[in-house]
Amino acid sequence: MVRIEGIGKNYGALRVLDDVSLNVRKGTVCIIIGPSGSGKCTLLRCVNFLEPYDDGSIFIDEELVGYREENGRRRPRKQREIARMRAQTGMVFQDFNLFTHMTALENVAVAPIKVQGIPWAEANALAEEGLIKVGLKERMYAYPAFLSGGEQQRVAIARALGVQPKVLLLDEVTSALDPERIAEVLEVIRALAEEGLTMLIVTHEIPFAAEIADQVVFLAGGRLVESGGAETLAKPSTERLRTFLGKLA
Amino acid sequence: MFEGYFLYWGAVWDVLPKMAKGLLITLEIGVMSIALGLGVGVAGALARNSSRRAVATAALVYVEIMRNSPSLVKMYFIYFGLPSLGIYPGPLLSAVAALVLHNGAYMTEIVRGGLAAIPRTQVLAARSLGMGTWTTFQVVILPQAFDNVLPSLSNNWVEIVKDTSLTGALSVREFFHVVEEQISATLRSFEFLTVAAVVYLVLTASLSGALRTAEARIKYRR
Amino acid sequence: MEWYTGMVAPLMRGLLVTVELATLVLVLGSIGGVLFGVLWGIAGPVVRAAMTIAIMLSRGIPLLVQVFIVFFVLPFFGVEFTGFTTAVVALSLFAAATITEIVRGGILAVPHGQMDAARSVGFTYYQVMRIVIFPQAFRSILPPLITQFVFLIKATSIISLLGVPEIMLAGREVIERTLLGFQVMAMIWLIYTAICYPLTIVGRRLEANFQRRGFRPALGEP
Ligand SMILES: Nc1ncnc2c1ncn2[C@@H]1O[C@H](COP(=O)(O)OP(=O)(O)O)[C@@H](O)[C@H]1O
Ligand SMILES: [Mg+2]
């Protein structure tokens, strides 16, 4: 479903991602871990094409993200097409980024209406359903400023799912939350995993990761250092991952 | 364009001493208004926060009356209005009084905002160290309030410097009054207005530049 | 009756000119400011630098000097204006510059994450701006915009120095005739307050309302 082939990304002279390859099959959960600054966030942003990448390729359902190949040369896709492809990958951010001027319901409904042209009433009904699914039946008409962090993050998940993406990208979604609020968000993610949603998840919650992971990759300094199944977290084979996990524990 | 008009900067050069005198008066009015206005602002802010209802209300009324009308109205009120009551303030006094009253209201709100922005916990922390009211005010509140208000104060002071150009209407012989006079006398409007624009730009830029430097120093100190 | 024809009627005629002038300036200035502000949002570095310089000039030079520049300098370019038209042009340019700055501040005040989130759900750049950035910017712009409106209404008073018969000049004429300086200026003061104070209140209400809903205000005039 998501195939990343040797991508590289530079910020000026800084090489943030270097030759990272990864294959996430449909219906599986890929956990990405690594120290701060290792490029996890950037990797997800590249998959969503919020950042253009410099080398390699990212395919979603065999469709190249962000670029099109034209007689052997690579050109950026048109604005519209990039926007359409972004809707195939929902993204949830560390600090929620809910649209502050819209209610929870509007946050979820706006993209289906404006991006996919779903009729207003239908989109609202779907949005309500989505919010009920993340346990926010009572808070649908609240503005983000009146929601707790955990509630905001659940709205953000519902919003990302609103456009029915093929893949959900979650970037340290519990890092800005109080410990009591973390559980409610993880609960939602666990349910999504059980439903068989394809996800790429950046997280520092190792026990949780071990529980839902089909695949684990460890990034350090922009390079893929180790990857494997869920058992990787229990029995790391590289020294670097072992030290990293040791520090987290 | 410019048909039959030749630039003659000598026209400005010839009256440089007059212009310099005007500039001096402009600076005088500016400095006095800023200094006295700041005094009014601090007093006003304390009055606004007073626990005595009457005092707080009076301060609020003062602020609203001043902020919702032009400074020129106050200049005219003092210079053209008070004489009908038998009070005859001169041009310079009228100008400064009007600018102080008008901008004192703005500074009241600026200082009050600066005080309000200090977290309550700062006071509690000072108290917990055994500081009294005055020590707390002096050591904790005042320095932090000063940091908070500098950017807004800088804006207001630039407004004051620009507003001195209106006092010519009261026949104060400030810089722009001299400029207007010279334009009527020589018809060299282009030259004189260019000089005026540059002089005011330098004045306002150096004022806000100086305050920004002060601000940077303070930030560094933190 | 004499009191009415001698004092109130001339002042009302002056007020009409003030209102006319202020309305034109607010409308033209807002249109210009929003257009330039949006243009700033999409312009390259050269245009942005030019706009920054224009804004700097409009802020650093007293408005009266700017009005004189329009009045005396535009004729060199073959454009000759009456006092009233000069006032409209000069004040509208000033208004546009300051409102551009407010709009720019409003756009910049929208947190960057909003842009990311909007793009990630599949909005095109145009949709991002229209659906997410501008509505949020607009909310934070409104309070400082209203403050600026009050500032501009007050600023029309300086046009009396150009001989445009708005309320301040009407007042001076009445004073010269009747010597009732105190009454006349008190009345003008009251009239300005009656116009500006309600606006100030509306601005404050909006700001409180927006803040309650978690919008942040953009920085504007102090
Ligand atoms: N917009 C940017 N410009 C320059 N450098 C950036 C930018 N965004 C991220 N970086 C750098 O890229 C590196 C990887 O960042 P990131 O992907 O956020 O790491 P992680 O999410 O693993 O903590 C860091 O060194 C960071 O400083
Ligand atoms: Mg990160």
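Things worth noting here:
- Computed packing ranks the peptides A:61-67, C:58-64 as C:58-64, A:61-67, most packed first, by mean other Cβ atoms within 10 Å.
- Where only C-alpha atoms are counted, convex hull volume of chain A per residue in Å³: 131 Å³
- Neighbour net charge for residue B:18 - beta-carbon separation under 15 angstrom, K R +1, D E -1: -2
- Computed from the C-alpha gyration tensor, the three semi-axes of the ellipsoid equivalent to the stretch A:2-60 are 19, 13, 9 Å, from longest to shortest.
- Kirkwood hydrodynamic radius of the stretch A:69-200, Cα pairs, Å: 15.4 Å
- Note on chain C: with charges restricted to the Cβ of Lys and Arg (+1) and Asp and Glu (-1), its dipole about the Cα centre is near 860 debye.
- For chain B, a Kirkwood hydrodynamic radius built from all Cα pairs, placed in the Stokes-Einstein relation at 37 °C and 0.692 mPa s, yields a translational diffusion coefficient of 166 µm²/s.
- Grouping the Cα pair distances of the stretch C:2-212 into 5 Å bins from zero gives a pair-distance distribution of 1, 7, 12, 15, 15, 14, 11, 9, 6, 4, 2, 1, 1, 0, 0 percent in increasing distance order.
- Built amide H within the under 5 Å cut-off of residue A:91, gap 5+: A:169
- Bins of 5 Å, starting at 0 and running to the largest distance - Cα pair percent for the stretch A:68-114: 5, 15, 17, 21, 16, 9, 8, 6, 3, 1
- Paramagnetic reach from residue C:112 (point 7 Å along Cα→Cβ, amide N under 18 Å) across the stretch A:73-92: A:92
- Evaluating 6.51 cos²θ - 1.76 cosθ + 1.60 at θ = phi - 60° for every residue in the stretch B:199-210, the Karplus couplings come out as 4, 5, 4, 5, 4, 5, 5, 6, 5, 6, x, 4 Hz, glycine and proline recorded as x.
- Inverse mean reciprocal Cα-Cα distance (Kirkwood Rh) of the stretch C:39-145, Å: 16.0 Å
- DSSP beta bridges fully contained in the protein assembly as shown are about 60 percent antiparallel.
- Of all the options A:33, A:58, A:182, the one that moves most in a Gaussian network model of chain A with Cα springs shorter than 10 angstrom is A:182.
- Using only side-chain charges placed at the Cβ, +1 for Lys and Arg and -1 for Asp and Glu, the dipole size of the stretch C:1-116 relative to its Cα centre rounds to 200 debye.
- Whole-number Å³ per residue for the convex hull built on Cα positions in the stretch B:45-84: 78 Å³
- Projecting the Cα atoms of C:97, C:211, B:6 onto the charge dipole of the protein assembly as shown, computed from C-beta unit charges around the Cα centre, puts C:211 farthest toward the positive end.
- When its C-alpha radius of gyration is set against 2.2 N^0.38 Å (N residues), the stretch B:60-117 gives a value of 1.28.
- When B:107, B:131, A:199, B:19 are sorted by how many other C-beta atoms sit within 10 angstrom of their C-beta, beginning with the fewest, the order is B:131, B:19, A:199, B:107.
- Karplus-derived 3J(HN,Hα), 6.51/-1.76/1.60, for each residue of the stretch B:52-66, Hz, glycine and proline x: 7, 3, 4, 5, 4, 5, 4, 5, 5, 4, 3, 4, 5, 4, 6
- Long-range amide H partners of residue A:219 with built H, under 5 Å: A:33, A:34, A:225
- Pairs beyond 22 Å (Cα-Cα), from B:162/C:154; A:133/A:166; A:26/A:247: A:26/A:247
- Residues A:248, A:192 arranged by fewest to most Cβ contacts within 10 Å: A:248, A:192
- Hydrodynamic radius (Kirkwood) for the stretch A:148-243, which is based on Cα pairs only, to one decimal in Å: 14.4 Å
- DSSP-defined antiparallel bridges as percent of all bridges, chain A, nearest 5: 60 percent
- Peptide B:164-170, shielding by other chains (average Cβ, 10 Å cutoff): 3
- Ranked by how many other Cβ atoms sit within 10 Å of their own Cβ, fewest first, the residues C:71, C:210 fall in the order C:210, C:71.
- The 3J(HN,Hα) values that the Karplus relation (6.51, -1.76, 1.60; θ = phi - 60°) gives for the stretch C:174-182 are, in residue order, 4, 4, 4, 7, 9, 6, 8, x, 4 Hz. Gly and Pro appear as x.
- Only helical runs count toward this figure. For the protein assembly as shown, summing -39,500 (n - 2.57) over DSSP H runs of n ≥ 4 and dividing by all residues gives -20000 deg cm²/dmol at 222 nm.
- The H on the amide N of residue A:56, modeled in the peptide plane, is under 5 Å from the matching H of A:8, each at least 5 residues off or on a different chain.
- Summing +1 for each Lys or Arg and -1 for each Asp or Glu among the other residues whose beta-carbon sits under 10 angstrom from that of residue C:123 gives +4.
- Shielding of B:102-109 by partner chains, average beta-carbon count, 10 Å: 1
- Partner chain coverage, peptide B:27-38 - average Cβ within 10 angstrom: 0
- The protein assembly as shown - Debye-derived log10 I(q)/I(0), Cα point model, q = 0.06, 0.11 Å⁻¹: -0.50, -1.13
- For the peptides B:137-143, B:82-88, the ranking by packing is B:137-143, B:82-88, with the highest mean count of neighbouring Cβ atoms within 10 Å listed first.
- Between A:198, A:165, A:212, the Cα set farthest toward the positive side of the dipole of the stretch A:154-215 (charges on each charged residue's Cβ, about the Cα centre) is that of A:165.
Quick note: the coordinates plus some simple rules give every number you see, no bench work behind them. Quantities reported herein were computed from a predicted structural model and do not represent experimental measurements. Quick reminder, even Gly has a Cβ in these numbers, built from the backbone with ideal geometry, and neighbours come from all protein chains shown.
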